[in-house]
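Undergrad: Input: one structure, supplied below.
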Amino acid sequence: MESSVGLRERKKAATRQAVHEATLRLTVEHGFDHVTVEAVADAAGISRRTFSNYFTNKEDALLYGEEQQIGSLVRTVRERPADEPAWTALRAAVAEFSERVAPPEREWAVRTRLAMNHPSLLARQLANHATMERDLADAMAVRRGPDGGSVRPMVLAAAFLSSLRIAMRMWIEEDLAREPGEVIDEILDEMGRDFRTEDLPSGAGSPDAPGGTPASR
């Protein structure tokens, strides 16, 4: 028989999810600026006081789904084989996470567009990403890789999350023309290149070309 504690936690999680979905639905229908906590509580079938027991404000409620996905992705990274190189582990984790979770594209699009246009949402989203960056850096620190001291895990985590942000923005700007995973792979491929050996336009290194360096002369 399921314990009373386990059942209670499942009910709490279900309520949080219901409030999140109500917030998302009302945002799509009316616009974020016109959504109130009272309206969300009514749509979720709870009281205003109950809403406050789960979320501080409507920003928290809207971004709850993202926070859950962030936690799931970090756990997926930690579960990758310990001897796997760090960048390989990050890429494999995001691919595994995407296949397993497969969040609705509409939800990703709504959140991304809103964050691009609402300072309060962007601030909260950046705070979520900062927490994720620290957690990913901790997960990377226990893996083997080139000796970079304590700096390399932080650089890897920051590069990885920057790639995800760029990919989501590009996906939105392309009007969802491609699958999100395809755009993410493209950006991660680019981020994984060695910047020190970056290809330059033909003639860029010539002494007669604009910007030609002394070393090329």
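Undergrad: Specify the residue that is nearest to the chain's Cα centre (by Cα); the eligible residues are those in the stretch 54-68 that are closer than 30 Å to Met140 by Cβ and crowded, with 19+ Cβ neighbours inside 10 Å.
TA: Glu66
Undergrad: Collect the residues in the stretch 33-53 that are touching a residue at least 24 places away in the same chain (Cβ under 8 Å) and surrounded by 20 or more Cβ atoms within 10 Å (Cβ to Cβ), keeping them in residue-number order.
TA: Scanning the stretch 33-53 gives Ala44, Phe51.
Undergrad: From the list Leu26, Leu7, exactly one residue is open to solvent by 30 Å² or more (accessible area, probe 1.4 Å) and of a type in the set (A, V, I, L, M). Which is it? Talk me through it step by step, then tell me what you get.
TA: On the way: Leu26 fails: open to solvent by 30 Å² or more (accessible area, probe 1.4 Å).
Going through Leu26, Leu7 in turn, the sole match is Leu7.
Undergrad: If the Cβ limit is 7 Å and pairs must be 6+ apart or interchain, which residue in the stretch 150-168 that is in contact (Cβ under 8 Å) with a residue 24 or more places away in the chain pairs with which residue that is among the polar types (S, T, N, Q) and open to solvent by less than 80 Å² (accessible area, probe 1.4 Å)?
TA: Met168/Thr112
Undergrad: Ok, one more. If you take the residues of the stretch 136-193 that are surrounded by 15 or more Cβ atoms within 10 Å (Cβ to Cβ) and either outside any helix (DSSP H, G or I) or in contact with a His (Cβ under 8 Å, 6 or more places away or on another chain) (or both), which of them is modelled with the lowest pLDDT?
TA: Within the stretch 136-193, the match that is modelled with the lowest pLDDT is Gly145.
The values are calculated or read from the model by the stated rules, or taken from the named source; none is laboratory data. Model, not experiment: these values are computed from the prediction. Here the Cβ is made from the backbone with ideal geometry for all residues, glycine too, and neighbour counts use every protein chain on show. Calculation scope for accessible area: heavy atoms of the full protein, side chains included, ligands and nucleic acids excluded. Shrake-Rupley method; radii C 1.70, N 1.55, O 1.52, S 1.80 Å.
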